[in-house]
1. So who's got an amide H within less than 5 Å of the one on residue 124, skipping anything under 5 residues away but keeping other chains? H placed 1.01 Å off N, in plane.
2. Can you give the calculated 222 nm mean residue ellipticity of the chain, where each DSSP H run of n ≥ 4 adds -39,500 (n - 2.57) and the sum is split over every residue, rounded to the nearest 500 deg cm²/dmol?
3. Where the accessible area of the chain is counted over protein heavy atoms with a 1.4 Å probe, how much of it, in %, is carbon and sulfur?
4. Could you work out how much longer the chain between residue 216 and residue 88 gets when fully extended? Use 0.36 nm per residue separation minus the Cα distance between them, nm to one decimal.
5. For the chain, what log10 I(q)/I(0) values come out of the Debye formula at q = 0.08, 0.10, 0.13 1/Å, with one point per alpha carbon and no solvent?
6. Under a plain spin-label model, where a point goes 7 Å from the Cα along Cα-to-Cβ, how far apart in nm are residue 194 and residue 24?
7. Step through the residues of segment 77-93 one at a time and calculate ³J(HN,Hα) from phi using the Karplus curve (6.51 cos²θ - 1.76 cosθ + 1.60, θ = phi - 60°), rounding each to whole Hz and writing x for Gly and Pro.
8. Residues with amide H under 5 Å of residue 233's amide H, sequence separation 5 or more or different chain, H placed in the peptide plane at 1.01 Å from N; which?
Amino acid sequence: MNFNGGVLLFSKFINNKDADSKKSVELNPARIPNHIAIIMDGNGRWAQKRHLPRIAGHKAALTTVKKITVAASDLGVKVLSLYTFSTENWKRPKKEIDFLMSLPISFFDTFVPDLIKNNIRVSAIGDMEALPEDTKKAVKRAIKQTAENSGMILNFAINYGGRAEIVVAAQRLAQSVVNNELDISQITDKVFAKALMTGKLGEYSDPDLLIRTSGEERISNFLLWQVAYSEFVFSDVLWPDYNPQTLRENIYEYQNRNRRFGGLKKE
Ligand code: IPE
Ligand code: IPE
Ligand code: MG
């Protein structure tokens, strides 16, 4: 059997749910995805399985966020984008929304020292203006407190929707045309990407790897433009149960994909 066959077999083995999940996977340090985006899903189901209120799942989710942030930074990831609240999540009961909105306050208070220790910089995308004042303040404070850090960017998508993001970018560009600052012919892929909320991430604006937990296989309005050539990995693990080992397994799966970008397979 050739070497590739061996790798494939190994990959099959680690994806087998009966396999010992404690088995450490050998990652190729030269192929760590620069930008990982995660749709952190399954908090409610995690709580319901334990006969707890849904908000207990959201609380448990924060511990996972902290662990995964440090693990991604240790692996050499450049940008970690986390979907925390979608423009559609306002449809949920007020009690749940209020709880979700209160989370960033305690979260950042306890986590910023660790972020500073790990040289991680906080960033955010989404419509911050619609957030309650205290939530907005907590996010802005964390961005400021970590602004000097030069390591991984921890990018929170809060009140974020991919369609809204594209509409806002189109409005901004249209305004520049009206102001005679821009000619319609100058609106290229590159210029459009720069006008999106992820424009500030520069060369890392597009995720290399998009992970969704909890077994759902849909995009739910996350980074619609940016995922054009991302690799998608769907994990059955509910977000509060997700851990650095699951992350390594998902990156391992990514490393065994062949990214072609419309070209031909690299041998
Ligand atoms: C993801 O978990 C967190 C948010 C969307 C805020 P859910 O709350 O969607 O959990 P499930 O999908 O109901 O299990
Ligand atoms: C997507 O999860 C949003 C976040 C994880 C923040 P949802 O649970 O809101 O998505 P749907 O409703 O199942 O598509
Ligand atoms: Mg969900």
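1. The answer is 156.
2. Rounded to the nearest 500, it is -14000 deg cm²/dmol.
3. Looking at the chain in its full context, I get 53 percent from C and S.
4. Contour length minus Cα-Cα distance gives 44.4 nm.
5. -0.35, -0.55, -0.91
6. Result for the modelled spin labels: 4.4 nm.
7. Per residue, the Karplus-derived 3J(HN,Hα) values read 5, 8, 9, 10, 9, 10, 7, 9, 7, 9, 5, 8, 5, 5, 6, 7, x Hz.
8. Residues meeting the criterion, in which the H sits 1.01 Å from N, are 210, 211, 212.
The values are calculated or read from the model by the stated rules, or taken from the named source; none is laboratory data. None of these values were measured; they are calculated from a predicted model. All Cβ positions, glycine included, derive from the backbone under ideal geometry; neighbour counts span all protein chains shown. To get the accessible areas, we keep the full protein, side chains included, count just its heavy atoms, and leave off ligands, DNA and RNA. Shrake-Rupley method; radii C 1.70, N 1.55, O 1.52, S 1.80 Å.
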